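Q: One structure is given below, represented as structure tokens, and several questions about it will come after.
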Amino acid sequence: MKIPLLGTLLITSSMMASSLVNEAKNAGLMPIPDSKIKLYKLIDNVKNPITDAKVNLGKQLFFDPRLSKSGLISCNFCHNLNAGGTDNLEAAVGHIWTTNPHHLNSPTVFNAVFASSQFWDGRDPDLEKQAQGPIQAAPEMAATKKHVEDVVNSIPEYVKSFKNAYGQDVKINFTKVTDTIATFERTLVTPARFDKFLTTNENSLNAQEKKGLKTFIDKGCTTCHNGIALGGSMQTFGLIAKYKYESLGDFRGDKNGMVKVPTLRNITQTAPYFHNGAIKTLEEAIVEMGRIQLGVKITKNEAKDIKAFFGALEGKKPYLGKINLPNSTDKTPKPNLK
């Protein structure tokens, strides 16, 4: 019995798609679980378990600028959740409009929970520890631990929410505040069409996106950009050749010259690129990564295909709803712009 030509083409197309799914999985690419139970096993912290009460409180704190010395800068100021989780600036800007002294830009907070470490130099192991840094950093939120504690404890609604989240005997200190922010950040996961491609629907990617994925794998990009986040590990930067904008800023990685690999999820929304924000377009970033990390030439057409694949990594952001911050009181520290 002869199979009609259309049937042959469909079978061939299906086999090719299945083969590409297997290639992607064998290259270390992993989907965000579509089951909440499975997802929470990955994103939860046994020392700081996720609860709805903590998440809702952490969300308020994430958006509250009163935690900063100036009363102007919230976590969301640099990690805009209405965009790609960044500020889209070449270098982060903080207290009294201070530019990051090392010319580092703000990594996205979306899917940061899947990274093995936090910050460009990977100095902190988790989001709980990471949340403490920017609040206290002079070029960022410039607050002291006491300032944060005084703000939260001066607002009755916050005190009530902390008791609801942690129990009546909770001591609201700096660590408890940052742990709560981190709990919220752990839920900032963005499942995308690519996850469906890996699990249930091979047709969730179009032809160019599949071509881009194939090129992405064949060029060796998955050596660093793998796992659920397609990034998040520490790797040597400029492994094969020198980064052409290396002179912008003084950042050279950790003591071993290792730099955190950015997640590629929502990468189309987080320009400019690289730690110092020197590259403005995604296609240029793709070509440069091939040159300095893999020692391969990525053509313009190949870069366009890879960029198209990155479009399939744009994820559905968590619904934030209306965010109401509780009222200050006479005891709440006043803004300080010095």
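Q: Just the residues that are part of a loop (DSSP other than H, G, I, E, B), over 25 Å from LEU20 (Cβ atoms) and touching a residue at least 40 places away in the same chain (Cβ under 8 Å), please, taken from segment 276-323. Full working, then the answer.
A: First, pick out the residues of segment 276-323 that are part of a loop (DSSP other than H, G, I, E, B): 276-278, 280-281, 295-299, 312-314, 316-323.
Of the ones still in play, those that are also over 25 Å from LEU20 (Cβ atoms) are 276-278, 280-281, 317-323.
Matches in segment 276-323: ASN276, GLY277, ALA278, LYS317, PRO318, LEU320, ILE323.
Q: Now for a separate question. Going by what's in this entry, would LYS316 be described as more than 22 Å from HIS103 (Cβ to Cβ) and either touching a helix residue (DSSP H, G or I) at 6+ places or on another chain (Cβ under 7 Å) or at pLDDT 95 or above (or both)?
A: Numbers: more than 22 Å from HIS103 (Cβ to Cβ): yes; either touching a helix residue (DSSP H, G or I) at 6+ places or on another chain (Cβ under 7 Å) or at pLDDT 95 or above (or both): yes.
Judged against the criteria, LYS316 is a match.
Q: Among the residues of segment 213-241, count how many are over 17 Å from VAL113 (Cα atoms) and among the aliphatic types (A, V, I, L, M).
A: Total satisfying the criteria: 5.
Q: Tell me which residues, restricted to segment 82-134, are touching a helix residue (DSSP H, G or I) at 6+ places or on another chain (Cβ under 6 Å) and either outside any loop (DSSP other than H, G, I, E, B) or of a type in the set (Lys, Arg) (or both).
A: VAL113, GLN118, ASP124, LEU127, GLU128, GLN132
Q: Which ones in segment 17-56 are charged (D, E, K, R), within 29 Å of VAL177 (Cα to Cα) and surrounded by fewer than 17 Cβ atoms within 10 Å (Cβ to Cβ)?
A: The answer is LYS36, LYS38, LYS41, ASP44, LYS47, ASP52.
Q: For residues that are exposed (fewer than 15 other Cβ atoms within 10 Å of the Cβ) and aliphatic (A, V, I, L, M), scanning just segment 159-207, find the one that is nearest to ILE43 (Cα to Cα).
A: VAL170
Q: Moving on to the next point. Considering only residues that are closer than 20 Å to ILE240 by Cα and not β-branched (Val, Ile, Thr), which ones fall in segment 257-281? Steps first, please.
A: Residues of segment 257-281 that are closer than 20 Å to ILE240 by Cα, as a first pass: 257-262, 273-276, 278-279.
Hits for segment 257-281 are GLY257, MET258, LYS260, PRO262, TYR273, PHE274, HIS275, ASN276, ALA278.
Q: Would you call ASP87 closer than 19 Å to GLY321 by Cα, free of Cβ contacts under 8 Å to residues at least 40 places away in the same chain and surrounded by fewer than 22 Cβ atoms within 10 Å (Cβ to Cβ)? Please lay out each step first, then the result.
A: Working: closer than 19 Å to GLY321 by Cα: no; free of Cβ contacts under 8 Å to residues at least 40 places away in the same chain: yes; surrounded by fewer than 22 Cβ atoms within 10 Å (Cβ to Cβ): yes.
Taking the combined requirement at face value, the residue does not satisfy it.
The values are calculated or read from the model by the stated rules, or taken from the named source; none is laboratory data. All values derive from a computational prediction rather than experimental measurement. Virtual Cβ from ideal backbone geometry, glycine too; neighbours counted across all protein chains shown.
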